[in-house]
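Q: Structure in C-alpha coordinates, see below.
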Amino acid sequence: MKLEEIFTIQNIIIYLVVINLITFLVMWLDKRKAKKGRWRIPENTLLLFVLLGGGIGGIVGMYVFHHKTQKAKFVIGFPVILICEILIVIATFVL
(Lines give C-alpha, C1' and ligand atoms only; values in the text may rest on other atoms or scores of the structure.)
Protein backbone atom coordinates (compact mmCIF):
# COMPACT_ATOMS: atom_id res chain seq x y z
CA MET A 1 0.00 0.00 0.00
CA LYS A 2 1.35 3.43 -0.98
CA LEU A 3 1.57 6.38 1.39
CA GLU A 4 -0.73 8.35 -0.90
CA GLU A 5 -3.41 5.72 -0.28
CA ILE A 6 -3.00 5.96 3.49
CA PHE A 7 -2.68 9.74 3.85
CA THR A 8 -5.87 10.75 2.08
CA ILE A 9 -7.78 13.85 3.15
CA GLN A 10 -10.58 11.59 4.42
CA ASN A 11 -8.20 9.53 6.58
CA ILE A 12 -6.51 12.66 7.94
CA ILE A 13 -9.88 14.15 8.90
CA ILE A 14 -10.94 10.88 10.56
CA TYR A 15 -7.64 10.80 12.49
CA LEU A 16 -8.03 14.39 13.66
CA VAL A 17 -11.61 13.84 14.81
CA VAL A 18 -10.60 10.69 16.72
CA ILE A 19 -7.48 12.17 18.35
CA ASN A 20 -9.41 15.28 19.42
CA LEU A 21 -12.20 13.17 20.94
CA ILE A 22 -9.63 11.05 22.76
CA THR A 23 -7.80 14.15 24.04
CA PHE A 24 -11.09 15.66 25.24
CA LEU A 25 -11.92 12.42 27.08
CA VAL A 26 -8.44 12.22 28.60
CA MET A 27 -8.88 15.75 29.97
CA TRP A 28 -12.24 14.69 31.46
CA LEU A 29 -10.72 11.54 32.93
CA ASP A 30 -7.81 13.41 34.52
CA LYS A 31 -10.16 16.01 36.02
CA ARG A 32 -12.36 13.22 37.39
CA LYS A 33 -9.35 11.52 38.94
CA ALA A 34 -8.21 14.84 40.43
CA LYS A 35 -11.59 15.37 42.10
CA LYS A 36 -11.48 11.87 43.60
CA GLY A 37 -7.85 12.17 44.73
CA ARG A 38 -6.74 9.25 42.58
CA TRP A 39 -3.69 8.55 40.44
CA ARG A 40 -3.43 11.20 37.73
CA ILE A 41 -2.50 11.19 34.08
CA PRO A 42 0.99 12.71 33.76
CA GLU A 43 1.10 16.25 32.36
CA ASN A 44 3.52 15.15 29.65
CA THR A 45 0.94 12.60 28.48
CA LEU A 46 -1.67 15.34 28.16
CA LEU A 47 0.80 17.43 26.16
CA LEU A 48 1.60 14.42 23.98
CA PHE A 49 -2.05 14.00 23.00
CA VAL A 50 -2.12 17.65 21.93
CA LEU A 51 1.14 17.23 20.00
CA LEU A 52 -0.39 14.27 18.19
CA GLY A 53 -3.09 16.55 16.81
CA GLY A 54 -5.54 16.81 19.69
CA GLY A 55 -5.18 20.55 20.24
CA ILE A 56 -8.82 21.45 19.77
CA GLY A 57 -9.99 18.61 22.03
CA GLY A 58 -7.40 19.59 24.65
CA ILE A 59 -8.36 23.26 24.65
CA VAL A 60 -12.10 22.53 24.72
CA GLY A 61 -11.60 19.94 27.47
CA MET A 62 -9.47 22.33 29.49
CA TYR A 63 -12.21 24.96 29.58
CA VAL A 64 -15.28 22.70 29.70
CA PHE A 65 -13.90 20.82 32.70
CA HIS A 66 -12.00 23.83 34.17
CA HIS A 67 -8.92 21.63 34.19
CA LYS A 68 -5.34 22.92 34.07
CA THR A 69 -6.61 26.46 33.46
CA GLN A 70 -4.26 27.86 36.11
CA LYS A 71 -1.14 26.41 34.50
CA ALA A 72 0.57 28.51 31.83
CA LYS A 73 2.10 25.34 30.42
CA PHE A 74 -1.40 24.38 29.26
CA VAL A 75 -3.16 27.74 28.81
CA ILE A 76 -0.36 28.95 26.54
CA GLY A 77 1.07 25.61 25.41
CA PHE A 78 -2.07 24.02 23.96
CA PRO A 79 -2.93 26.97 21.68
CA VAL A 80 0.71 27.47 20.63
CA ILE A 81 1.00 23.80 19.65
CA LEU A 82 -2.30 24.00 17.74
CA ILE A 83 -1.23 27.15 15.88
CA CYS A 84 2.14 25.60 14.99
CA GLU A 85 0.40 22.49 13.66
CA ILE A 86 -1.97 24.61 11.57
CA LEU A 87 0.98 26.56 10.15
CA ILE A 88 2.77 23.31 9.30
CA VAL A 89 -0.31 22.04 7.46
CA ILE A 90 -0.63 25.32 5.56
CA ALA A 91 3.06 25.31 4.65
CA THR A 92 2.89 21.68 3.57
CA PHE A 93 -0.30 21.63 1.56
CA VAL A 94 -1.01 25.22 0.51
CA LEU A 95 2.36 26.82 -0.18
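Q: Check ILE13 against each of (1) closer than 24 Å to TYR63 by Cβ; (2) open to solvent by less than 80 Å² (accessible area, probe 1.4 Å); (3) modelled with pLDDT under 95; (4) not aromatic (Phe, Trp, Tyr) and name the one condition it does not meet.
A: Every listed condition holds for ILE13 apart from (2).
Q: Another question, then. Would you call TRP28 touching a residue at least 24 places away in the same chain (Cβ under 8 Å), open to solvent by 90 Å² or more (accessible area, probe 1.4 Å) and either in a helix (DSSP H, G or I) or over 29 Å from VAL94 (Cα atoms) (or both)?
A: Working: touching a residue at least 24 places away in the same chain (Cβ under 8 Å): yes; open to solvent by 90 Å² or more (accessible area, probe 1.4 Å): yes; either in a helix (DSSP H, G or I) or over 29 Å from VAL94 (Cα atoms) (or both): yes.
Here the answer is yes, as TRP28 does meet what is asked.
Q: Check whether at least one residue in region 65-78 is open to solvent by 50 Å² or more (accessible area, probe 1.4 Å) and either among the basic types (Lys, Arg) or within 9 Å of the chain's Cα centre (by Cα) (or both), and report yes or no.
A: yes
Q: Please identify the pairs in which a residue from region 81-95 that is without any contact (Cβ under 8 Å) to a residue 60 or more places away in the chain has its Cβ atom under 6 Å from the Cβ atom of a residue that is open to solvent by less than 70 Å² (accessible area, probe 1.4 Å) and not basic (Lys, Arg), counting only partners at least 6 apart or on another chain.
A: Short answer, once both residue conditions are applied: ILE81/VAL50; ILE81/GLY55; LEU82/GLY55.
Q: Between GLY37, GLY58, which is open to solvent by less than 90 Å² (accessible area, probe 1.4 Å) and within 24 Å of ILE14 (Cα to Cα)?
A: Details: GLY37 fails: within 24 Å of ILE14 (Cα to Cα).
Of the residues listed, the single one that is open to solvent by less than 90 Å² (accessible area, probe 1.4 Å) and within 24 Å of ILE14 (Cα to Cα) is GLY58.
Q: Are there any pairs, at least 6 apart or on different chains, whose C-beta atoms fall under 7 Å, with the first in region 48-69 and part of a helix (DSSP H, G or I) and the second among the small types (Gly, Ala, Ser), and if so, which?
A: Close Cβ pairs satisfying both conditions: PHE49/GLY58; VAL50/GLY58.
Q: Kindly evaluate ILE41 against the criterion of being modelled with pLDDT of 95 or more and outside any helix (DSSP H, G or I).
A: yes
The values are calculated or read from the model by the stated rules, or taken from the named source; none is laboratory data. All values derive from a computational prediction rather than experimental measurement. So basically every Cβ, Gly included, is an ideal-geometry build from the backbone, and we count neighbours across all protein chains shown. Areas reflect the complete protein model, heavy atoms only, side chains present, ligands, DNA and RNA absent. Shrake-Rupley method; radii C 1.70, N 1.55, O 1.52, S 1.80 Å.
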